[in-house]
Every structure is written in structure tokens, then in C-alpha cells.
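Working notes for the structure below.
Just so it is clear, none of the values below were taken in a lab; they were calculated from the coordinates. This is a predicted model, so every value here is computed, not measured. Glycine gets a Cβ as well: all are built from the backbone with ideal geometry, and neighbour counts include every protein chain shown.
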Amino acid sequence: MSDETPAEAVNPPNPSQNASSALPEPPSAYRWLVLVVMSLAMFGNYYVYDCLNPLEDIFARDLGIDAEHFGLLFSAYSLPNLAMLLVSGFFIDRIGARKATTIFAAICLVGAILSAFAGNVGYWMMLVGRCCFGLGAESLIVAVTAGIARWFKGKELSFAFGINLTIARLGSMAADWSPKWASFAFEKGWQGPLLVAVVFALVSLVTAVAYWGLEERGLKKYSLGEADKAGEKIDFRSLLSFGKTYWLVVALCVTFYSAIFPFRSFSVKLFQTVHGMAKDDASALNSSLIFGSMIFTPLFGMLVDKIGRRATLMVAGTVLLVPNYLLLLQTGISPWIPMVLMGISFSLIPAVMWPSVAYLAPASKYGSALGIMTMCQQVGMMLVPWVVGKVNTHFVTDTSANYFPMMAIFTGLVAVGIVCAVLLLKCEKGPDARGLENPKPAEAEAA
């Protein structure tokens with residue numbers, strides 16, 4: 001191609017793009033309203049996922065579900081995502097985040113309803129319900145994340161992600177505290193708390209529809225950058241175009257979340273057994289991870305928007321996580337100390353990691369990049385709860401409560417995460433750096 005080739009010959013003018021560029025950018029108030037509404041969809045989603053955390057002993061008492069089968073309920077959530085998230089990322093790129101969010105929220109509601117009534121049929125139906133919920137839940141998160149990038153990329157992106165996670169994790173915190181504020185539901189046995197979760201799933205669907213309406217209205221009045229590519233075909237070869245830095249972020253994502261969320265699933269009983277805490281107090285301690293992240297994730301996001309240093313901060317956050325699991329087995333140390341340190345890591349890494357993907361993939365493939373990353377994350381989220389449940393079935397009994405094997409698994413995962421984070425930092429210090437250490441990385445080019 002000659003250097004003298006006119007730009008118009010290479011990229012013919014698109015009338016719709018010209019019309020879009022003539023529109024003003026959305027005002028800040030409208031952008032933040034959209035953010036709050038789409039975050040409320042994730043709020044309900046997070047509640048349904050974590051509603052099982054306080055129920056391990058109740059399921060054992062009422063349904064005869066042991067630790068291994070309790071862990072399988074979380075693995076069942078992740079199972080359908082091994083294939084679904086790969087497809088859903090392309091699906092989101094094709095139809096747009098707003099439509100996809102509503103569709104996935106509806107699937108989540110169906111899954112929550114199946115789980116709430118499954119005990120009347122059998123344990124297998126509860127597994128089906130969790131599978132159905134997982135089918136929609138992680139894809140909903142990907143859709144919301146893609147939507148946030150569209151509204152905030154090049155602006156307060158990391159801070160917006162932080163606010164989004166704060167609102168979403170209110171759902172997790174509400175689930176952890178449900179034995180206190182929803183004690184009326186727990187009095188009804190295993191089913192009452194799951195019926196409360198159905199209400200939260202309905203909230204998720206209603207707010208997803210509201211987000212759809214707000215973005216439809218916004219498209220008519222404001223310029224939102226690159227439009228949805230409704231005619232774009234699925235191209236699996238694009239997986240190879242994201243680069244080494246992207247895949248290191250994916251690897252860190254897998255190890256980090258595999259060490260955090262499965263731990264939260266089993267930690268309430270651990271706090272009761274090892275530290276002699278009452279159930280309500282154990283649930284409150286478990287929620288401290290969520291409470292801390294609600295405060296600090298937006299602050300870390302604001303910091304990253306100003307200074308960059310994304311790879312450096314991912315190393316720091318992972319290193320901070322290392323000692324905490326084994327410290328929680330020491331009865332001479334208050335469990336609040338390692339939980340606070342874990343909470344800082346849980347605030348820092350997500351505030352840095354998820355927004356980084358927006359700068360490692362072109363806008364037209366952002367949904368695909370997030371879908372692949374979340375799919376890989378779910379491999380760990382599927383295997384680790386099952387493995388931990390199986391280990392605890394053998395080592396945590398009525399006569400012996402040996403949680404060391406479980407904590408060794410989580411510590412090993414963090415060690416692998418440190419290796420990934422260090423390699424990521426090395427890449428960002430080298431000639432192939434993608435600019436993650438800069439406050440505003442360069443835009444990723446379309447492959």
C-alpha cells in the first residue's frame with residue numbers, strides 16, 4: 001500500500017459514525033446513574049452466589065449434605081461457564097452489553113428459583129439450579145463490565161470499576177449477614193434463605209432492564225464511542241491476538257479468585273471450629289473481606305487512574321495475600337488481623353486487574369476478552385471448591401478439625417499467582433510493554 005493512499009480509501013466514511021461523533025459526550029451525572037443501575041444488577045447476582053455461605057451446617061442438618069457435596073454446589077455454578085463464557089463474550093460483542101445483561105439476569109432468576117425449590121425434589125435438582133444460575137451469572141458480570149468500559153474508558157475507568165464492585169459486593173455482604181437481618185428466613189430451615197435469594201435475583205433482572213432503557217436513551221442523545229457491531233461474526237482466531245500480557249493477567253485472575261472465593265465458602269465453619277466463634281460472629285468476620293473492599297476498591301481505583309503502576313500493584317497485592325491463610329490457623333492471633341490484610345489484597349487486585357483488560361483488547365473485542373478471562377477463572381472456581389470439600393471431608397470431622405490441608409491449597413495458589421504477577425511486571429518493564437505502568441495506556445488496536 002502506497003504512503004500516498006488517501007485515508008478515505010482505506011476507511012470509507014461511515015455516516016452513522018459521523019452522526020454519532022456530532023453528538024455531545026454524556027454528562028457525568030448520566031454516566032454515574034448508568035453505573036449505579038448496572039451495578040445493582042450485579043448486587044443481586046452477588047447475593048445469590050454467596051447466599052450459601054452461612055448454610056453449610058443447615059444443609060448438613062436438614063438435607064444431609066456433607067462438605068464435599070456442599071463444595072460441589074459451588075463447582076456446579078462454575079461448570080457451565082467453561083464453554084458458555086467463551087461464546088457469551090462474542091455474544092455480548094454482537095448484540096451489545098445492555099441486551100445481554102437483561103438476558104443473563106433472566107437466566108439467573110430461573111436458576112435461583114430452581115435452587116430454592118430443589119430440596120423438595122432432591123440434591124441433584126439443586127445442582128441443576130446452581131448450574132443454571134452460573135450459566136447466566138458470570139456472563140452477566142462480563143456484560144456489565146463491558147458496559148462500564150463503554151461509558152468510562154479514557155475517563156475515571158478504574159474508579160468506576162471500584163464503585164461497581166463496591167455496590168456488587170454489598171450483595172455478598174448482605175448474604176453473609178443474612179443470619180442476622182433475615183433470621184425469620186433461617187427459622188424456616190434450608191429453604192427460607194434461598195427464597196430470599198430469589199427476591200434479590202428479581203432485583204437483578206429489574207435493574208438490568210432499567211440499564212437497557214437508560215443506554216437506549218443515551219444512544220439517541222450522546223456519543224458513546226464505538227457502536228455495537230451487530231453484524232460481527234464469531235472469530236475464534238482473535239483469541240491469539242491479545243498478547244502475552246493479557247494471558248498473564250488471565251493467569252493471575254485464575255489463581256487469585258480460586259484462593260479467595262472458595263475460602264469464603266468454607267470459612268464460616270472454620271471460624272466456628274478453630275476460633276470458637278458463634279455463627280453470627282463468624283459470618284460477620286467472613287463479610288469483613290467484602291466490607292473492606294467496598295471502601296478501599298474505589299480508592300485504589302482512583303489511585304490507579306492517577307499513577308498507573310498496574311503491574312507493580314498486582315505484584316504487591318498478591319504478595320500481601322501470602323501469609324494470611326496459615327495465620328488464620330493460629331489461635332493465639334486474632335483472626336481479624338489476617339482478614340484485614342486479605343481484605344486489602346481483595347480490594348487492590350480487582351481494582352487494577354479488570355480495568356487493565358480494557359487496554360489490552362480493542363473495543364470491538366472487549367466482551368470476548370472478558371469472556372475468555374472469566375471462563376478461565378471459572379476453571380479454578382469449579383475445581384477448587386470440590387477439591388477443598390473433598391479434603392475437608394477427610395480432615396475435618398467431629399473428632400478432628402484439621403484445616404491445614406485446605407489452607408495449604410490456598411497458599412499454594414497464591415504462590416503461583418505471585419509468579420504470574422512478577423512475570424507480568426517483567427513484561428511491562430521490557431520492550432513489549434503494553435503501558436499498564438502508565439496512568440493512561442495506549443488504546444489497543446483492532447486485530
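Dividing the mean sequence gap of close Cα pairs (under 8 Å, 6+ apart) by how many residues region 290-347 holds gives a relative contact order of 53 percent.
Averaging Cα coordinates gives a centre for region 159-185 and one for region 69-91; these two points are 22 Å apart. Computing Cα extents along the principal axes in Å for the structure here picks out one of (1) 101, 49, 36; (2) 81, 45, 38; (3) 72, 45, 41, namely (2). For a straight C-alpha distance cut-off of 17 angstrom, the lysines reachable from Lys269 (same-chain residues fewer than eight places away being disregarded) are Lys180, Lys279, Lys390. From the residues Ala22, Ser283, Gly332, which one has its Cα farthest along the dipole of the chain in the positive direction, the dipole being from +1 and -1 charges on Cβ of Lys/Arg and Asp/Glu about the Cα centre? Farthest towards the positive pole: Ala22.
Quick one: length gained pulling Ser183 to Val87 fully straight, 0.36 nm per residue minus the C-alpha distance?
Working it through step by step, the gained length comes to 30.6 nm.
At q = 0.17, 0.18, 0.26, 0.29 Å⁻¹, what base-10 log of I(q)/I(0) does the Debye formula yield for region 372-423 when every alpha carbon is treated as an equal point scatterer in vacuo? Relative scattering, expressed as log10 I(q)/I(0), comes to -0.63, -0.68, -1.01, -1.09. Each of Ala146, Leu85, Leu114 was scored by the projection of its Cα onto the charge dipole of region 78-166, and the greatest displacement toward the positive side belongs to Ala146; charges sit on the C-beta of Lys, Arg, Asp and Glu. The value of relative contact order for the chain, using C-alpha pairs under 8 Å at least six residues apart, is 27 percent. Across region 85-141, C-alpha contacts under 8 Å between residues 6 or more apart give a mean separation that, scaled by the residue count, equals a relative contact order of 41 percent. When all alpha carbon pairs of region 124-221 are counted in 5 Å bins from zero, the resulting P(r) reads 3, 10, 15, 20, 19, 14, 9, 6, 3, 1, 0 %.
Its Cα centre serving as origin, region 349-447 has a Cβ charge dipole (Lys and Arg +1, Asp and Glu -1) of approximately 40 debye. About its Cα centre, the dipole of the chain is roughly 280 debye, where the only charges are +1 on Lys and Arg Cβ and -1 on Asp and Glu Cβ. The charge dipole of region 143-195, taken about the Cα centre with unit charges on the Cβ atoms of Lys, Arg (+1) and Asp, Glu (-1), comes to about 220 debye, rounded to the nearest 20.
With loop membership from DSSP and a limit of 14 other Cβ atoms within 10 Å, the longest segment of the chain without GluC sites (Glu not before Pro) is 233-442.
The helix-based estimate of mean residue ellipticity at 222 nm for the chain, built from -39,500 (n - 2.57) per DSSP H run of four or more residues and divided by its residue count, is -25500 deg cm²/dmol to the nearest 500.
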